[in-house]
Each structure stands twice: as C-alpha cells, then as structure tokens.
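J.: The structure follows.
The values are calculated or read from the model by the stated rules, or taken from the named source; none is laboratory data. Because the structure is a prediction, the values reported are computed rather than measured. Cβ atoms come from the backbone with ideal geometry, glycine included; neighbour counts cover every protein chain shown.
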C-alpha cells in the first residue's frame, strides 16, 4: 500500500504523447484532464466507453448529450483512449491572440481554431457525415433540443426557415461553408471555449 | 521453553496495559489524555512537514488548488443569456453551441462524480494514499515519512485491531447477556452501558477524536435522528454520545451476528431484504417505533449512500413522511488526519477498515441542531430539502440537488425534460410562432 513519495508522478502516457497533444493543451491542464479521465474510468479499464460518459449526470440531462458523446467515438469505435479524449477537448481551448501571430502557415491548423470549433458544431448536426445538413438532420437536432414540447408543424417551419436562410446555392441543404458564413459575425471563440483554471 | 514464556509474558503485559489504560476508562467514560497527547504531537509533525513542502516547491508551479474551487471557469448565466445570438429569440444554427459547451464542461468537471472520490488535500499529510501532486522534497521528509509508516503499521495497527476485536466481542457477549434479563429499567440502563462502552472502545480503536457541539439538542426518545452519510463509522460516532435505534437491512456473516445480538438488548429495527422493497411496510414499522415514547430515537441516513463529506446530496423523502420530530445532525470529518470516506465501488469493507486503521486518526465535529417538524402545507420533499439545507449550512458543506444513487443508476428523464421545456419556451413561447398557434 505504501510507496515512497515522488516516485514518478507523471504517468507514462503523458510523457509519450506530449508531442501529439502539446500544442493543443498546456502541461498543467493535461495533468488535470488525465486525472479526470482516470476518475471517469470507474473500473480502471484504461479507456472510456459510452456508458462511462453517460453516467455523468449533467451530461445525461443535456438535450444534445448523446450527440456530444458520439463526437468522442468517431467511425463507430467503442473505446476512447486518453489522446482521443484530449483531442476532442482541445477544440474547446480558448483562442489566445498570440497563437495566430506566430503560427507557421505550413503547420496544420491548431485544434482550437475558429474553423475547427465550427466543424465540431457542424458535426453535431451532420449525422451521416456527408458534409451537408439536410432538412431532415436539422429537424432531428431540433427535436432533441425541444423534446415533446413543440408540435411537428412548428418544428418543420422552423427548420425550413433556417435552411432557407443559410442555403445560398439552393440545394436545400446547408454545407459547411454556408454554415460558417451564416455565423461569421458570431463570437465563436467565446461561446465554444472552456478555460481550465490553473 | 524460554521463547514461549517470553512471548507469553509480552502478551500478558500488553493485555494488562490495554485493559488498564483503555478499557477501564472507556467503561467509566473517563479520558486519560493519551489521545490528546498523541494528537498534539501529530499536529506539530504535520505542520513541520507542511512548512518543508512549501519551502521546497516555492519555485515550481504546483497544482495545489483544492478540488472545491473548481478547475474550469464557469459562466453561470441562465439559458436565455447564453443562447442570445445575432437575431434574438428565434432558433438559430448557433443555439447548439450553448448545449455543446455545457456538455463538454460537464465532461471536464461535474458536481457529482467528484463527490465520490476522496477529497483532495491542500497540503500533504504524510500518507501515500493522499499524495496526488507532491513531489520528492528532501531526505528529512522521507525519513519522517518512513518513521510514520513504521509507527502506523507496527504500533498503531496491532493496537487498533486488538481493541476492535475486544470491542466487538464485548458488544456481542454483553448484549446477549443483557438480553436474558426481563424487561425493566435496569435492563435498559445496562444495555445503554454496554452499548456506550463498546462504542467508546471501538472509537479508540480508530484513534477517533470527536467534538460534540450543542449537546442540549441531542435527539430525544421518540424522535428521528437524521445525518449526512460519509461512512459506516458515522454510526459509531453518533452512538458514542447517545443510544439510538438503528434501521437497516439484515446482513449475513459478522454483521448479522452483531445485529442479532444487539436487538436482544434493545429494540432496533432490522428489515429483511424483501421487506425493504415495500415502502409502506417500512413506514408503518417506523411509525410504530416512534409512537412508543419510551423507545430510543431512530437513526436514519436519508442520502442512502456514502458521499465524500464535501457536500450533501438529495435526501430521500421516505424518512420525512413518517411524521414525528426530526433531529438533524451534521457530521464533518477533518481530512487532514485520515480519510473516512468509504468508496464502496473501489474498496470492500475489510480493505476500507484497514485503510482507516492505518491512518493517523479520525477527527470529526458533530453538531446537534434544534429539532424540526413538518410545517403546514409543506410536503415531504420540501421538508427534506429544508432539513438538508440546515445540515449543509451547519457543517460547511455544499448542497447538491442530485441523487446519490446516480453513481449506480441512470439519471431520470424528468431532468432532461426540464431543460427541453426551458428551451422550447424560448423558441415558441415568446417568438414569432405564437400567432400560428391560434
């Protein structure tokens, strides 16, 4: 039960993956997230499954809870390891001004850029991953958010109106660029950011 | 021959010491001040250790934030403000941002999951199990730590195990003997004496230091005592200062033997597993019990499960439907000396007891509070919440509306419907679609 103090506190997975995660999340936040990952992993499997995330009360009552959980398990995978966990959460890191100034244009875009935040939101709508939000998909998300409180007709008119307003090339669906354009005035950085206190 | 004689002599002196210094004073409720001395030395050592650690890490940045502060910056504005977009109240593509941000925040940190792991300490108390962020500092500190390990495992642990053994055997034998007597006030007094003595011995077995506040509000006969739940030790702590009738399920094994013995001496309320499901039956039996003013107050933990002593979760309304006077009690442990929280999904009873017996001590405060009764026009749920707030305020704990059973079961859909209702009201209630309804 007893170990000498200071015996290698930083877990191995953090030591190995900093190059993959370092630009996305600071070291201190990484440690916090790792402890959180371990806390969510009740039976110490080393990975998270859907059920582990569903047990979070505040997430289970969120109308979009299931969609959010889906975003952690892309392509039908069943196990979420720690780098994957961080990759999704890294999108919500607040955007610092210095990032844009010093960025080398040849490097891939950081995970928490405005575009990537928008992509995350887009994926919550676009279930079949075809790059477009159809009227049907819009209806589905609306239904999730309102439950049984609103009638089908009302929901359909809302969906129709929204698709019409955003759709520019008239194909009856909202592509990612149209989505981004309709939100260009919105302060995405502030709405889709979670600041981890040190 | 010599070896056996020597061993015999050691055991003999050991037992005499234990008897003289611990058992007899417990029987008479007298304290010899040994625990106080031990605590003073312990506090001085921990203070010294804290200073050393602080000197050592002043250069690096350390994640020493206590968990109750919260690790993310939260924007607690209501749904309407969070959803305000470019156009006002109608639906927009960006509404989904609000929910996804809230969802991700819940994944990073939620109020409930953190309540089921032990509280993080602000400064280390020389136990490896609480060592979350503390690095190697100096050889002196390590030496003190090694000394601590030796003291805890080789001196304290055998002593405590002996005491626990003696305490439990005395309880079983004592209550069985008292149970043979006919019903009389003598029997009640003897049973009280036996219970109190054994509880005191068991508390000493844990090196417990308990401060009772407001003893004038101690629960009276015919009432119901309600407290927040952190571990099975809560029962021990409360019964050291008064006798209660316990409520619970009949267990097998050692617990079952103790339960059967105890019920011979004074009327506790034990239910079979099948009876527990029938809420009506349970309420009836408890009502019968408190109607008899000569019976001891019932002890109930309405949370239904062990929480880590930083917060109070939803009180189940069942105990508050019985009627009668409720005597709330707040119990707050000091985590610096030992963690009393029983994480039942991580440790079983035996490893939990071992952990407790190899900590420094169990230090806690117990506050008795003025009795409360249900007011006119208040239903059981509101009454339960009122009592819960009172206990949370007194004990300095946060109050949470969640059900402690969440760690085992899925959350009810009614909570999700609340959020959906709020959002729909925004969309349809005030928006331009109103005209289409008529």
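J.: What number of residues within the stretch A:173-197 are within 7 Å of chain B (Cβ to nearest Cβ) and in contact (Cβ under 8 Å) with a residue 60 or more places away in the chain?
T.: 6
J.: When you go through B:168, B:210 one by one, which is the residue that is part of a helix (DSSP H, G or I) and either in contact (Cβ under 8 Å) with a residue 60 or more places away in the chain or over 17 Å from residue B:258 (Cα atoms) (or both)?
T.: Result of the check over B:168, B:210: B:168.
J.: I'd like to verify a number: residues in the stretch A:55-80 that are touching a helix residue (DSSP H, G or I) at 6+ places or on another chain (Cβ under 9 Å) and surrounded by fewer than 15 Cβ atoms within 10 Å (Cβ to Cβ), how many?
T.: Matching residues across the stretch A:55-80 total 3.
J.: Could you count how many residues in the stretch A:129-172 are more than 8 Å from chain B (Cβ to nearest Cβ), at positive phi and touching a helix residue (DSSP H, G or I) at 6+ places or on another chain (Cβ under 8 Å)?
T.: Residues flagged as more than 8 Å from chain B (Cβ to nearest Cβ), at positive phi and touching a helix residue (DSSP H, G or I) at 6+ places or on another chain (Cβ under 8 Å) within the stretch A:129-172 amount to 3.
J.: Can you name the number of the only condition in (1) in contact with a strand residue (DSSP E or B) (Cβ under 8 Å, 6 or more places away or on another chain); (2) modelled with pLDDT under 85; (3) crowded, with 20+ Cβ neighbours inside 10 Å that residue B:238 fails?
T.: Result: residue B:238 fails condition (2) only.
J.: Tell me which of these residue A:159 doesn't satisfy, since it passes every other one: (1) in a helix (DSSP H, G or I); (2) crowded, with 17+ Cβ neighbours inside 10 Å; (3) within 19 Å of the chain's Cα centre (by Cα).
T.: The one condition residue A:159 does not meet is (3).
J.: If you check every pair at least six apart or on different chains, which have Cβ atoms under 8 Å apart with a residue in the stretch A:55-74 that is more than 7 Å from chain B (Cβ to nearest Cβ) and modelled with pLDDT of 80 or more first and a residue that is surrounded by 18 or more Cβ atoms within 10 Å (Cβ to Cβ) and outside any helix (DSSP H, G or I) second?
T.: A:72/A:48; A:72/A:80; A:73/A:80
J.: Go through the stretch B:226-343 and tell me which helices (runs of 4 or more DSSP H), entirely inside it, have 2 or more residues that are in contact with a helix residue (DSSP H, G or I) (Cβ under 6 Å, 6 or more places away or on another chain) and touching a residue at least 12 places away in the same chain (Cβ under 8 Å).
T.: B:233-239, B:253-265
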